[in-house]
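Reading through the structure tokens given below for one structure.
Quick note: the coordinates plus some simple rules give every number you see, no bench work behind them. Note that the structure is a prediction, hence the values are computed from the model and not measured. Cβ sites come from the backbone with ideal geometry, for glycine too, and all protein chains shown count toward neighbours.
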């Protein structure tokens, strides 16, 4: 459980997902891969696990916003996928609050999964690799690596 602010469980009103699903989805993928590539550059992701991601297709869906991002990893970079003719190797789906709780380390993926707040579909072994990569990130060090600091 994290200290400080606690992110409550919430679900945005249904009309938001209805509208969000009709908006272009490519910005979500661009923002996501930019963040992932920044994490690569800051050496936050364990390099020994990256080879397991090579050529795999991932999809992250935020149910209550209607947003979705697909991406892949190859050539040493995460890259957005705007259209794909194949099923993702690994797909995640959850409400915004669940993702925020994961990022804040307020909840772990296993708890969210078993509480049916996080859906994971696809390659189980790949899912474990991704989970272990996220668990290996030393989050307290992240603010010190950012180029801007709060005064």
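Relative contact order for the chain: what percent, with Cα pairs under 8 Å and sequence separation of 6 or more? Intermediate results must be reported in sequence, preceding the final value.
Working: 206 pairs, mean separation 39.2, N = 151.
Dividing the mean separation by the residue count of the chain yields 26 percent.
The alpha-carbon atoms of the range 50-129 define a convex hull whose volume equals 102 cubic angstrom per residue. Paramagnetic label reach from residue 9 (point 7 Å along Cα→Cβ; backbone nitrogen cut-off under 18 Å): within the range 87-115, residues 93-115. The label-point distance for residue 136 and residue 34, in a model that sets each label 7 Å from Cα toward Cβ, rounds to 2.7 nm.
If the Kirkwood radius is taken over C-alpha pairs of the range 6-70, then at 25 °C and 0.890 mPa s the Stokes-Einstein diffusion coefficient equals 177 µm²/s.
Compute the label zone of residue 51 within the range 70-96: residues whose backbone N is under 16 Å from the point 7 Å along Cα-to-Cβ. Counting backbone N atoms under 16 Å from the label point, the list is 74-77. Once the convex hull of all Cα atoms in the chain is built, its volume per residue stands at 136 Å³.
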